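Visitor: So that we are looking at the same thing, I have put the structure below in structure tokens.
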Amino acid sequence: QVQLKESGGGLVQAGGSLRLSCAASGSTNRINVIGWYRQVSGKQRELVATISNGGSTNYADSVTGRFTISRDNTKNTVYLQMNSLKPEDTAVYYCNADLRYSATAVSRYWGQGTQVTVSS
């Protein structure tokens, strides 16, 4: 298992920036992919950005060019730098980790979420 703890959310004006952090502990050596999802009340959780052990990244079309995901392996921490924020970015942001247990089996773990609110 791993434990994931997000931080860095808050209230900002449109055009501003925030940096989210996700600190992982436990069986971090089994993490295959780690990243961020977000959820608006009444809607399903959606992918924002992910990064693999090899460093490859994947972004949602809506955030490409504005958000950057990165890792600090020494600290077992993943970051999401969010620039040029828009009101439609308002959501609860969740850290997610996919752990590899075999060639065909993975388990997903989630943090508690952190609120990001962007005012117009």
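The values are calculated or read from the model by the stated rules, or taken from the named source; none is laboratory data. A quick note: this is a predicted structure, and the numbers were derived from the prediction, not measured. Positions of Cβ are generated from backbone atoms using ideal geometry, with glycine treated the same way; all protein chains shown enter the neighbour counts. SASA here: full protein model, heavy atoms, side chains in, ligands and nucleic acids out. Shrake-Rupley method; radii C 1.70, N 1.55, O 1.52, S 1.80 Å.
Visitor: How charged is the neighbourhood of C22? Take every other residue with its Cβ under 12 Å from the Cβ of C22, and add Lys/Arg as +1 and Asp/Glu as -1.
Guide: +2
Visitor: Please list 3J(HN,Hα) in residue order for segment 36-49, calculated via the Karplus relation 6.51 cos²θ - 1.76 cosθ + 1.60 where θ = phi - 60°; whole Hz, with x for glycine and proline.
Guide: In residue order, the calculated couplings are 10, 10, 9, 9, 9, 3, x, 10, 7, 5, 10, 5, 10, 6 Hz.
Visitor: Tell me, how many Å apart are the Cα centres for segment 1-75 and for segment 103-120?
Guide: Cα centres, segment 1-75 to segment 103-120: 7 Å.
Visitor: Quick one: length gained pulling E88 to S70 fully straight, 0.36 nm per residue minus the C-alpha distance? Walk me through the numbers on the way to the answer.
Guide: On the way: separation 18, 0.36 × 18 = 6.48 nm, distance 2.26 nm.
Contour length minus the Cα-Cα distance gives 4.2 nm.
Visitor: With N set to the residue count of segment 27-81, report its C-alpha Rg divided by 2.2 N^0.38 Å to two decimal places.
Guide: Numbers: Rg = 12.1 Å, N = 55, 2.2 N^0.38 = 10.1 Å.
Normalised Cα radius of gyration, segment 27-81: 1.20.
Visitor: Further question on the same structure: In whole percent, how big is the carbon plus sulfur part of the accessible area of the chain, probe 1.4 Å, protein atoms only? Working shown, then result.
Guide: Working: 2860 of 6430 Å².
Reported share for carbon and sulfur atoms: 44 percent.
Visitor: List, in order, the whole-Hz ³J(HN,Hα) value for each residue of segment 56-64 obtained from phi through the Karplus relation with A = 6.51, B = -1.76, C = 1.60 and θ = phi - 60°; use x for Gly and Pro.
Guide: 6, 10, 9, 10, 5, 4, 5, 10, 4
Visitor: On to the next question. Whose amide H sits under 5 Å from the amide H of G26, counting only residues 5 or more places off or on another chain, with H placed in the peptide plane?
Guide: Answer set, sorted by chain and number: Q3.
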